[in-house]
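Take a look at the structure set out below.
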Amino acid sequence: MKVALITGITGQDGSYLAEHLLDLGYEVHGIVRRVALEDPTHRLQRLSGFIDRLHLHAASLERFPSLFSVVSEVQPDELYHLAAQSFVSYSFDDAFSTFRTNIDGTHFVLECAKQLVPKCRIYFAGSSEMFGHANEVPQTEKTRFYPRSPYGISKVTGFDLSRNYREAYKMFVASGILFNHESPRRGFEFVTRKITSYVARIKRGELKELPLGNLDAKRDWGFAGDYVQAMHLMLQQDCPEDFVIATGETNSVREFCQLAFEFAGLNYEDYVVTDPQFYRPAEVHLLLGDATKSKEILGWEPTIKFEELVEMMVMHDLDLLAS
Ligand code: G4F
């Protein structure tokens, strides 16, 4: 039985990945913060359907010794490094802590693996935010990085660290350059879930308006459940490489709003207002991925289209309030 260790197992991606690996017959271990173990109802909520089948370990990305002892105990065959401060807006408010968590945390994980399990296959969660102000559309694995936020900068550094461990120490480290991926398990701070949760509360008469920032930003939005399958496939290849994971379709925040409100029988123009506090000091205006390499080498393709994704999230949030 293969042993997988996931950092960030309590998040959207970690929970889908854990389920996927359990289905494939893996022994799945996850790193969680001690506070999460003390408050499982809230902090381990995404794992609730299958938590009995997981092995959870308390450690912090900010403390090398804690990671070292978990990796030493688990001896993973595959290590998925998903944990990060992943909210772009917050990275502008506290760049220092974002760098500490995302850069040092990644460095600690790679170094633990190098010292303890050098043959372990490692996945690093890169991001389309690394392209930032991209000089070409669509973006591929060859597109230059031009990050526009501390978060994006931290991910470029994590990506470079991963490649360097691959080249310098001959370790199997693959990076996924994942474009935005959403689901009913998405955190409420991200724009898609913010929109669908507000739509549900507006529909029930609990709220009157939805305050948003830049409605014209465009993103390539896919379904997180599809994207975690690509992470696993990357670690089953003969050689470690980097892959863009995307749908190849881009839509604006405004289009997401329009569709989400329509699914609830409402007109977004009656409810959406713009609020300067949700604008970013530097914006990424357009992201659109070209996942041709993933299709050709991994055999990976997305299964959920934009409209289905929006409908899935709106229906989930309407059901949540009705229950
Ligand atoms: O949903 P967002 O916060 O996601 P963002 O910044 O694209 O980042 C997400 O995707 C990345 C992959 O490319 C991940 F690496 C990252 O960790 C995260 O998961 O914002 C999407 C867009 C932005 O252009 C933002 O300015 O929506 C715009 N927006 C407009 N109003 C808003 C809001 N974003 C948020 N979060 N809240 C608003 O009220």
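Here, each number is a calculation from the coordinates, and none is a lab measurement. Being a predicted model, the structure only gives us computed values, none of them experimental. Cβ: placed from backbone, ideal geometry, glycine included. Neighbour counts: every protein chain shown.
For this structure, a couple of remarks:
- Cβ-to-Cβ counts within 10 Å put Leu233, Leu37 in ascending order as Leu37, Leu233, the fewest first.
- Counting only the Cα atoms, the chain fills a convex hull of 129 Å³ per residue.
- Across the range 216-242, the residues whose backbone nitrogen lies under 19 Å from the label position 7 Å along the beta-carbon direction of Lys119 are 235-240.
- Dmax and Rg, reported as Rg then Dmax, of the range 163-289 (C-alpha, Å): 18.1, 58
- Shown here is the pair-distance distribution of the range 1-56: with all Cα-Cα distances grouped in 10 Å bins from zero up to the longest one, the shares run 26, 61, 13, 0 percent.
- Cα long-axis angle, helix 105-116 against the chain (0 to 90 degrees, to the nearest 10): 30 degrees
- With a simple spin-label model that places each label point 7 Å from the Cα along the Cα-to-Cβ direction, the separation between Glu269 and Thr41 comes to 4.5 nm.
- If R0 is 22 Å, the Cβ-Cβ spacing of Glu141 and Tyr90 corresponds to a FRET efficiency of close to 0.20.
- Spread of Cα-to-Cα distances over 10 Å intervals beginning at zero, given as percent, for the range 64-151: 16, 38, 31, 14, 1
- Taking the C-alpha atoms only, the angle from helix 12-23 to the longest principal axis of the chain is near 60 degrees.
- Between 0 and 90°, nearest 10: helix 150-169 axis offset from the chain longest Cα axis: 20 degrees
- For Ile122, distant residues with modelled amide H under 5 Å away: Leu79, Phe172, Val173, Ala174
- Kirkwood Rh, angstrom, the range 226-269 [1 / mean 1/r, Cα pairs]: 13.4 Å
- Expressed in units of 2.2 N^0.38 Å, where N is the residue count, the Cα radius of gyration of the range 79-201 is 1.14.
- Ellipticity estimate at 222 nm from DSSP helix runs (n ≥ 4, -39,500 (n - 2.57)) divided over the chain, nearest 500: -12000 deg cm²/dmol
- Karplus-based coupling profile of the range 189-202, in residue order and whole Hz: 7, 7, 5, 5, 6, 4, 5, 5, 6, 5, 4, 4, 6, 5, with θ = phi - 60° in 6.51 cos²θ - 1.76 cosθ + 1.60 and x standing for Gly or Pro.
- By the beta-carbon count within 10 Å of each Cβ, the least crowded to most crowded order of Phe96, Phe278, Phe159, Phe179, fewest first, is Phe96, Phe278, Phe159, Phe179.
- In order along the range 233-238, phi translates into HN-Hα couplings of 4, 4, 8, 9, 7, 6 Hz, rounded to whole numbers, per the Karplus curve 6.51 cos²θ - 1.76 cosθ + 1.60 with θ = phi - 60° and x for Gly and Pro.
- Order of Ser197, Ser97 - criterion: other Cβ atoms within 10 Å of each residue's Cβ, fewest first: Ser97, Ser197
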